[in-house]
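Everything below concerns the one structure shown next.
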């Protein structure tokens, strides 16, 4: 009797293996499905003619950099160097979705919707929503494309981790310095109205996980603040003070963010604010005063002279 071999890339096989991963992680199965769809879209992007046009940014990078996967979000944030119309972005995304890939994922282009994103910056962006299919399972996916930001140092291609044994995505990714610069600019600009606890959390994690060369990070901050027309104040901004994060309303927002992200054993918000202040304020002062900043940052800080 001849045994029929199961196709490892059939929807049923892929779904079964993803379910095993969800069980092993004690994670929500829908979240693992969404992570897989994100991974397979990025594979198509990296294998397409648009690989050099779009740069991956956002919380998806936390998985690439092996930081907290629970904080990683699987909505896809992309950067394009120049503004494009909604139809132009839709056409590019359709071409990416059509890139051949043997991974059991199909994209239901009949569900594709696109809207213009209006932001506080002049360039704006485009958001795309589409359903992916794994057999009968339907997985919503969102792609946000922003335009025209400064990326310093330049984006570099990186291999994205895979859940199963499919070919790994290789895509252009934002440098850590630009992530820090954009989050710092957002914190200063939003000021007392800021409810984006994710920016504070990410800066705290980055300052503890990575080393930074002062000159490179200062250049990235200078480029981002100049491009966005954001001035650095003479006095320590409220958003970088412990008083800001220790405010009762902010503590409520912080706890809600931790709960949504399933981040249980994290520091109190005042400690986070103090750590971010030590990390960012010396740099921001140097950028504001147009003086060289040559110190180095080791994971956890503080800034030390280059020779140490």
Subset of the range 242-259 [under 25 Å from the mean Cα position of the chain (by Cα) and either loosely packed, with under 12 Cβ neighbours inside 10 Å or under 26 Å from residue 286 (Cβ atoms) (or both)]: 244, 245, 252, 259
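State yes or no: is residue 30 under 26 Å from residue 178 (Cα atoms) and surrounded by fewer than 19 Cβ atoms within 10 Å (Cβ to Cβ)?
On the way: under 26 Å from residue 178 (Cα atoms): no; surrounded by fewer than 19 Cβ atoms within 10 Å (Cβ to Cβ): yes.
The answer is no for residue 30.
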Residue 62, sole failed condition from (1) at pLDDT below 90; (2) on the phi > 0 side of the Ramachandran plot; (3) surrounded by 19 or more Cβ atoms within 10 Å (Cβ to Cβ): (2)
Test for residue 49: is it surrounded by fewer than 17 Cβ atoms within 10 Å (Cβ to Cβ), over 27 Å from residue 199 (Cβ atoms) and at pLDDT 95 or above: yes
Residue that is more than 25 Å from the chain's Cα centre (by Cα), loosely packed, with under 13 Cβ neighbours inside 10 Å and farther than 21 Å from residue 193 by Cα, where the choices are 299, 292: 292
Candidates 129, 83, 138, 120 - the one that is within 30 Å of residue 189 (Cα to Cα), at pLDDT 95 or above and either outside any helix (DSSP H, G or I) or not assigned by TED's automatic domain parsing to the domain that holds residue 36 (or both): 129
Count - residues of the range 272-308 that are more than 18 Å from residue 210 (Cβ to Cβ) and free of Cβ contacts under 8 Å to residues at least 24 places away in the same chain: 5
Count - residues of the range 148-162 that are modelled with pLDDT of 95 or more and either surrounded by fewer than 15 Cβ atoms within 10 Å (Cβ to Cβ) or assigned to a strand (DSSP E or B) (or both): 6
Condition met for residue 224 (buried (at least 19 other Cβ atoms within 10 Å of the Cβ), in the same structural domain as residue 187 (by TED's automatic domain parsing) and under 14 Å from residue 288 (Cβ atoms)): yes
Residue, farthest from the chain's Cα centre (by Cα), within the range 164-210, restricted to residues that are surrounded by fewer than 18 Cβ atoms within 10 Å (Cβ to Cβ) and in the same structural domain as residue 79 (by TED's automatic domain parsing): 165
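The values are calculated or read from the model by the stated rules, or taken from the named source; none is laboratory data. None of the values given here were measured: they were computed from a predicted structure. Glycine also receives a Cβ, built like all others from the backbone with ideal geometry; neighbour counts cover every protein chain displayed.
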